[in-house]
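Just so you know, all these numbers are worked out from the coordinates, no wet-lab data involved. Since we're looking at a predicted model, the values are computed, not measured. Reconstructed Cβ throughout: ideal geometry from the backbone, glycine too, with neighbour counts over all protein chains shown.
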């Protein structure tokens, strides 16, 4: 049976996660919202005119919300980068957990005191 706490195996798993992390590509935080505006057409009274769709990328910078308008082409590229960010966050969480297991398995801790005295 394979030892899950073998430092060599844990390090190999960490390396695989790091390789996946490195291959993600561009990473940005935020969300993209598709917007349309419907209002009365000034050239045809009583008729509605729809403007859009257009896309807005919203993210936080220095604790302030920033909104940037994007073209349809930009939206596709930015959405990929946002998806990569979500994958990166997931991989990073896995790497943190695995790193803790690796460090506990690969290093010697402080000897525990005998409390029965």
Estimated 222 nm signal from helices in the chain, with DSSP H stretches of n ≥ 4 weighted -39500 (n - 2.57), rounded to 500: -15500 deg cm²/dmol
Helix 7-22 vs. the chain, principal-axis angle (Cα, 0 to 90°, nearest 10): 20 degrees
Order by protection proxy (mean Cβ within 10 Å, highest first), peptides 11-17, 107-113: 11-17, 107-113
Cα-only radius of gyration and Dmax that characterise the chain, units Å: 25.2, 94
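Semi-axes, largest first, in whole Å: what does sqrt of 5 times each Cα gyration tensor eigenvalue give for segment 10-58?
Values: eigenvalues 495, 10, 9 Å².
Its equivalent ellipsoid spans semi-axes of 50, 7, 7 Å.
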Degrees between helix 72-106 axis and first principal axis of the chain (Cα, 0 to 90, nearest 10): 10 degrees
